[in-house]
Amino acid sequence: MSVPKVENPVQFLVDNGILFEMNRQVLHPLGLELHFRLDDDGRITAIDLLDNRESPHPIAFSPEDFEAGRREYQAYLAESGRRNMQKRRKVGMVIQTGPNPRLSFPGPSEG
């Protein structure tokens, strides 16, 4: 089965607040922050991974950046993100917790 690709993945991640959420929930607690530098056409010119692991000070968004990222991510969830998570929840897979995910739909006696 061929999985379709997002046309401009970086722009998609940025515009929908997904990069914000990846940084906020996964990378910031590890002392890291991912940035994409884009040209005027939205193409990647560089990828930066800021390394704050040795600093006693946590990485944090400014209040303005936090509100903007949260707003974009919430809009994405409302538009399609929650619906997609609910679809996956029905088959028992939202977050992979082990090496052998269940990839089939439950049968009538299972679900």
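Test F61 against the criterion of being in contact (Cβ under 8 Å) with a residue 24 or more places away in the chain and either part of a strand (DSSP E or B) or in contact with a Phe, Trp or Tyr (Cβ under 7 Å, 6 or more places away or on another chain) (or both), and give yes or no. So F61 fails the test.
Is it the case, given these coordinates, that H28 is surrounded by 10 or more Cβ atoms within 10 Å (Cβ to Cβ) and at pLDDT 90 or above? Answer is yes for this residue. Looking across E64, E33, E54, one residue alone is over 20 Å from G81 (Cβ atoms), surrounded by 15 or more Cβ atoms within 10 Å (Cβ to Cβ) and not small (G, A, S). It is E33. Among residues of the stretch 7-25 being β-branched (V, I, T) and under 19 Å from A78 (Cβ atoms), the one that is modelled with the lowest pLDDT is V14.
The values are calculated or read from the model by the stated rules, or taken from the named source; none is laboratory data. No experiment lies behind these values; they were computed from the predicted model shown. In this analysis, Cβ positions are derived from the backbone assuming ideal geometry, glycine residues included, and neighbour counts consider all displayed protein chains.
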